[in-house]
Each structure stands twice: as C-alpha cells, then as structure tokens.
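Below: one structure, written as structure tokens.
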Amino acid sequence: MTRGPRAQLAEKIAGEVTLSEEPGATLRKWRTDFEVAQTDLAEELDVSPSVVSDYESGRRENPGIGVVRRMVDAVLDIDERRGGSKIRQHARVLSAGFDSDVVHDLREYPANVPLERFYRAIGATELVRGDRDTVAGHTVIDSVRAIQRLSSDEFYQLYGQSTNRALVFTGITRGESPLVALRVVTPTPNAVVLHGLDETEVWEHAAELARIDGYSLAATTLSLEGMLDGLGDLP
C-alpha cells in the first residue's frame, strides 16, 4: 500500500531527528518550520512547556524514537487542524526528490497565473519584463544549499523542471551565482525572483542577462515565511 504524504513526511522528520548529532536542535528546526509554538506543542503532548524546551536545548538526554515519534505526530496533527498547508508544501518538495531545506516549495498551478498577481502575492518589484506574462507554477530554492549539496545532474534537473514557471532564489547576496547558472539551462523559466534584496542591491548585470534570455526579473524583501504564505494563496 502506498504511504500518504503525511506518513512519508513523518518518517523523514523522525529519521532526521534520530540521526542528528543534535536531535533537540533538529526538533526545534522542524517545530519552528511548521510555525508551532512550544506552548502549543506542549499542550498537544499534555506536558509542560519546560519539557519541550529541555529536549530542544539538550538539557534532557537525547529523546528516544518513541518520544520523537510523539513530537512529530503532534506537530503534524496541529498543522492538519490548521488546514495542512505545511504538510502539503513539504510533500510537494519530497515528491520531486529534493530536501525541504534545499527546495522550500514547489508547486504546479491548475491554470496560468498573471505575473502581476504572482508578484503581488510575494511583494516583489519587477525589474525586467520578459517575453511571457504568466506562470504555471513556482519553485523556491535556497541557492547556497543547492550549490553546496546538489550534484551537477540534480542541479540541472532542478532548473530543468522550471519551464513555464517562476524560480525564486533565497539565500543570495546579489543574485550573480544563480543567474549565471541559469545560462546553461534550456529552456529558461518565465520569471526569476531574487529574495532578500531590494532593487538597488541586485547585481548590476542581472537585468542584462534577463533581457538576453527573455525572462522576467523581480526582487522582494518579504520574509521567507511571508512569501511562502503568499504563494500558498495562489490557485
């Protein structure tokens, strides 16, 4: 029987925590990624908040697999009651074969979305208008981790999946590295967004490359959480 997205995600999180050299810190990473407060998790587990805090800080001995499983299930239960958006987000990334700290989000839309609407959803300012004015999906990539951890084949696969969609790069300083890397990919995405920069901080040759390759280029300073929430509101 095929396991559902929740079961696959629970197994991934539990395995990552169990194998981590700092399981408490890894538990905290996932809890905060799912935007679950310590008090909410403690209430779900029927323990005091100090118990959760002690595990996450390492003041208690490493949690066994039973404790890890309970904590993981509690975080996922809370997300499901909120609508399950975080579970769906991570499940999309895992189904594409990438880790969620390399690819923050990946989604196909049921219909084309005008670029203006896409930019509004993530608070982006367009710097260059490309050849196409809609996108049919998005991929949000941590550019530093992608460069550090993906093989050349995986890197090409990630970029190559981005036809008729928007690529959003996080963790950048000027945008030079991802834009240069895009030059070897055919076809290029409809739009590229540089996250964490305003228009004055963007690499001086970025606009020129965008015009040459025909994609729209934009920048946004919205927080990562705010951007992912905005993307979640798209159809």
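The values are calculated or read from the model by the stated rules, or taken from the named source; none is laboratory data. No experiment lies behind these values; they were computed from the predicted model shown. Glycine gets a Cβ as well: all are built from the backbone with ideal geometry, and neighbour counts include every protein chain shown. These accessible areas exclude ligands, DNA and RNA; they are computed on the full protein's heavy atoms, side chains included. Shrake-Rupley method; radii C 1.70, N 1.55, O 1.52, S 1.80 Å.
Could you please find all residues in segment 34-53 being in a helix (DSSP H, G or I), open to solvent by 40 Å² or more (accessible area, probe 1.4 Å) and more than 16 Å from ARG69 (Cβ to Cβ)? Don't jump to the end; show me each part of the working.
Step one: filter segment 34-53 for residues in a helix (DSSP H, G or I), giving 38-45, 49-53.
Still in the list and also open to solvent by 40 Å² or more (accessible area, probe 1.4 Å): 38-40, 43-44, 49-50.
Those that are in a helix (DSSP H, G or I), open to solvent by 40 Å² or more (accessible area, probe 1.4 Å) and more than 16 Å from ARG69 (Cβ to Cβ): GLN38, THR39, ASP40, GLU43, PRO49, SER50.
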When restricted to GLU35, GLU22, the only residue more than 21 Å from GLY4 (Cα to Cα), more than 18 Å from the chain's Cα centre (by Cα) and not hydroxyl-bearing (Ser, Thr, Tyr) is GLU22
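Which one of these is at negative phi, at pLDDT below 90, touching a helix residue (DSSP H, G or I) at 6+ places or on another chain (Cβ under 7 Å) and not in a helix (DSSP H, G or I): THR188, THR163?
Values: THR163 fails: touching a helix residue (DSSP H, G or I) at 6+ places or on another chain (Cβ under 7 Å).
Testing whether each residue is at negative phi, at pLDDT below 90, touching a helix residue (DSSP H, G or I) at 6+ places or on another chain (Cβ under 7 Å) and not in a helix (DSSP H, G or I) leaves just THR188.
Do we have ALA10 as open to solvent by less than 40 Å² (accessible area, probe 1.4 Å), in contact (Cβ under 8 Å) with a residue 60 or more places away in the chain and small (Gly, Ala, Ser) here? Steps first, answer last, please.
Values: open to solvent by less than 40 Å² (accessible area, probe 1.4 Å): yes; in contact (Cβ under 8 Å) with a residue 60 or more places away in the chain: yes; small (Gly, Ala, Ser): yes.
It is true that ALA10 is open to solvent by less than 40 Å² (accessible area, probe 1.4 Å), in contact (Cβ under 8 Å) with a residue 60 or more places away in the chain and small (Gly, Ala, Ser).
Take the conditions open to solvent by 10 Å² or more (accessible area, probe 1.4 Å) and over 15 Å from LYS12 (Cα atoms) and apply them to ARG69. Does it pass?
Working: open to solvent by 10 Å² or more (accessible area, probe 1.4 Å): yes; over 15 Å from LYS12 (Cα atoms): no.
The answer is no for ARG69.
Give GLY15, GLY24, GLY58, GLY84 a once-over and let me know the one that is on the phi > 0 side of the Ramachandran plot and open to solvent by less than 40 Å² (accessible area, probe 1.4 Å). Steps first, please.
Values: GLY15 fails: on the phi > 0 side of the Ramachandran plot; GLY24 fails: on the phi > 0 side of the Ramachandran plot; GLY58 fails: open to solvent by less than 40 Å² (accessible area, probe 1.4 Å).
Selected residue: GLY84, the only one of GLY15, GLY24, GLY58, GLY84 that is on the phi > 0 side of the Ramachandran plot and open to solvent by less than 40 Å² (accessible area, probe 1.4 Å).
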With criteria (1) open to solvent by 50 Å² or more (accessible area, probe 1.4 Å); (2) modelled with pLDDT of 90 or more; (3) of a type in the set (Val, Ile, Thr), THR220 comes up short on (1)
Turns out the strands (runs of 3 or more DSSP E) fully within segment 76-154 with at least 2 residues that are within 13 Å of LEU228 (Cα to Cα) and either in contact with a Pro (Cβ under 9 Å, 6 or more places away or on another chain) or among the hydrophobic types (A, V, I, L, M, F, W, C) (or both) are 103-114, 134-142
Residue count, segment 108-117, condition surrounded by 15 or more Cβ atoms within 10 Å (Cβ to Cβ) and over 23 Å from GLU208 (Cβ atoms), comes to 3
